[in-house]
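Reading through the structure tokens given below for one structure.
The values are calculated or read from the model by the stated rules, or taken from the named source; none is laboratory data. For clarity, every value in this text was computed on a predicted model and none was experimentally measured. Reconstructed Cβ throughout: ideal geometry from the backbone, glycine too, with neighbour counts over all protein chains shown. Surface areas here come from the heavy atoms of the whole protein model, side chains and all, with no ligands, DNA or RNA. Shrake-Rupley method; radii C 1.70, N 1.55, O 1.52, S 1.80 Å.
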Amino acid sequence: MLVRMHARGIMKAFSIEELRRAAQRRLPRAVFDFIDGGAEDEGTLRGNRAAFERIRLLPRVLVDVSSIDTETSILGKTARLPIAIAPTGAVGFGWRGGDIAIAKAAAALGIPYSLSMLATAAIERIAREAPGRLWFQAYFLKQRDHTLGLIERARAAGYEALIVTADVPVGGKRERDYRNDFALPFRYTARNLLDFASRPAWALPMLFKGIPVMENLTGLAADAESAAALASSVARNNDAALDWEVLKQVRDRWPGKMLVKGILRADDAERAVALGCEGVIVSNHGGRQLDGAVSSLDALPAIVRAVGGKASVLMDGGVRRGSDVVKALACGAEAAMIGRATLYGVCAAGQPGAQRALEILSDELVRCMQLCGVRRIGDIGPELLFR
Ligand code: FNR
């Protein structure tokens, strides 16, 4: 009943920002801030948006734009939009079954979905329930065998690509989480119990059905049952020694396409490509890791130049409008990835919310292309940018 109400209300959201506010109304502060927040002073988080706002488009007029084609190629395969879903962990905290909801929304639209190793849905469950273009994202833990085992499971389940996230040698300092007692290990403090109680639509399913589990991590910490307890074990066990040598070993074992995520330097991108990766994801982790890092959009052109067409260059960070996708493509990206945009949607209203987020971005993309005088994705290039 509550779910249906959320789903109906969500059709009245006309922008990702409105979905964000709807998620904020439904979620306890600690959970909303976990999703919404960034590291330290959140300068890089704001910088991702500021970069999109700084760039201006130079539209072409008097072009017949009565028919627009948004189909494109991402990582060598057709996608209906130049958009892919970025990996996000712990989504079940925001909406039970949220990972599957986003994966289904992506499959319905014919765009790739990346499953985080820290998701609240198992590799095989996503493959079964949301068959589409699936990419698996791995973090490296001190228990390297656990990550390698998951990569093998992703291969067996038919995942198309492997993403290795390289920008988390240690966790970023996310002060909103500390302030909200969301710091791991998860603690039930008076403050967050009050916070949870203030959002019954979120709290009641958690109370009756239990806190979700990071299904890909079970077995990692035998005594850790909740997502939070497992997450804390991941935070403690993150492998700060991950380096190019390890990446090469993974490359040698993974038969499919491989991408490195968290690249901001041209020389790192060149190295990943030289090592045999088919793609790089220009990303600062949505401003959640190194505060002070360059915005993804500003880092993009130099990386595109360095890669020189030898591999796919994707980007993420701050994409909230269809015009942002056009700007990312005009700066040379093959596709834009989205993290929070679909998270806000799913946390506001489950699968219809995730679908709504994608619908908003897709409608805005088509309108932006029409207003810019471009009919096909391949026509979006640097000449659309005002310098
Ligand atoms: C993330 N991100 C992320 N990245 C990753 O490689 N593995 C992960 O498990 C997660 N988890 C995660 C959780 C949450 C709540 C957020 C918001 C982000 C980063 C994500 O893939 C992506 O880089 C950013 O979200 C992109 O920025 P926008 O689109 O959120 O602005």
Output for region 1-93: trypsin sites (Lys or Arg not before Pro) sitting in coil per DSSP, at most 13 other Cβ within 10 Å, listed by number, reads Lys12
Given 10 °C, 1.306 mPa s and a Kirkwood radius over Cα pairs, the Stokes-Einstein diffusion coefficient of region 9-93 in µm²/s is 94 µm²/s
CD proxy, 222 nm, the chain: helix-only mean residue ellipticity via -39,500 (n - 2.57) per DSSP H run with n ≥ 4, per residue, nearest 500, stands at -14000 deg cm²/dmol
Result for the chain: accessible area per residue, probe 1.4 angstrom, in square angstrom, of 42 Å²
GNM on the chain, Cα springs under 10 Å; top mean-square fluctuation among Val319, Val63, Val31 goes to Val63
Given a Förster distance of 35 Å, the FRET efficiency implied by the Cβ-Cβ spacing of Thr78 and Ala190, rounded to the nearest 0.05, works out to 0.10
Per DSSP, the loop-located trypsin sites (Lys or Arg not before Pro) within region 84-153 having at most 15 other beta carbons within 10 Å are Lys142
Here, Ser66 and Leu207, labelled 7 Å along Cα→Cβ, have an inter-label distance in nm of 5.9 nm
Once Ser198, Ser362 are ranked on solvent-accessible area with the largest value leading and a 1.4 Å probe, the list reads Ser198, Ser362
So the FRET efficiency between Asp379 and Asp252, C-beta based with R0 = 25 Å and rounded to 0.05, is 0.05
Rounded to a whole %, the carbon-and-sulfur portion of the accessible area of the chain at a 1.4 Å probe is 54 percent
Cα-only Rg/Rh for region 220-379 with Kirkwood Rh rounds to 1.02
Rg/Rh over Cα atoms for the chain, Kirkwood Rh, comes to 0.95
Net charge (Lys, Arg +1; Asp, Glu -1) of residues whose beta-carbon lies under 12 Å from that of Tyr139, Tyr139 excluded, is +1
